[in-house]
Amino acid sequence: MDLYVLKEQLERIERKLDARLKDRWLGTQEVVDFTGLSVSTIHRAINRGELKVHQGTGKNLFLESDVNRWIKNGE
């Protein structure tokens, strides 16, 4: 394999990993503060399946990228 091609592939992988590490987890109150929306609006979005939520720790956690995507799609 050409070293140049290998270097390009490694740089692409590195950029993807860097982007994932920058994504942070937010609690419900942090989403409220981040978006300026009410807790009930956040809960409605969860119930409608519009906002992806992770509940593995016993509380609602949201990836900031998911919140941004939801906002960008018009709530």
>> Restricting to the range 1-44, name every residue that is among the aliphatic types (A, V, I, L, M) and under 20 Å from G74 (Cβ atoms).
In response: L26, V31, V32, L37, V39, I42
> When both residues are 6+ apart or on different chains and their Cβ atoms are under 7 Å apart, which pairs have a first residue that lies in the range 4-30 and is under 30 Å from S40 (Cα atoms), and a second that is surrounded by 10 or more Cβ atoms within 10 Å (Cβ to Cβ) and basic (K, R)?
Replying inline: G27/K59
>> Between L63, L51, which is of a type outside the set (D, E), surrounded by 15 or more Cβ atoms within 10 Å (Cβ to Cβ) and modelled with pLDDT of 95 or more?
In response: L51
>> Of everything in the range 39-75, what is charged (D, E, K, R) and not in a helix (DSSP H, G or I)? Give them in sequence order.
In response: E50, K52, K59, E75
> Quick check: anything in the range 27-42 surrounded by fewer than 10 Cβ atoms within 10 Å (Cβ to Cβ) and over 13 Å from V67 (Cα atoms)?
Replying inline: yes
> Considering only residues of the range 1-38 that are charged (D, E, K, R), part of a helix (DSSP H, G or I) and within 17 Å of the chain's Cα centre (by Cα), which is modelled with the lowest pLDDT?
Replying inline: R20
> Quick check: anything in the range 3-25 touching a strand residue (DSSP E or B) at 6+ places or on another chain (Cβ under 7 Å) and among the aliphatic types (A, V, I, L, M)?
Replying inline: no
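The values are calculated or read from the model by the stated rules, or taken from the named source; none is laboratory data. Just so it is clear, the model here is predicted, and its values are computed rather than measured. With ideal geometry, Cβ positions are generated from the backbone for all residues, glycine too; neighbour counts draw on all protein chains shown.
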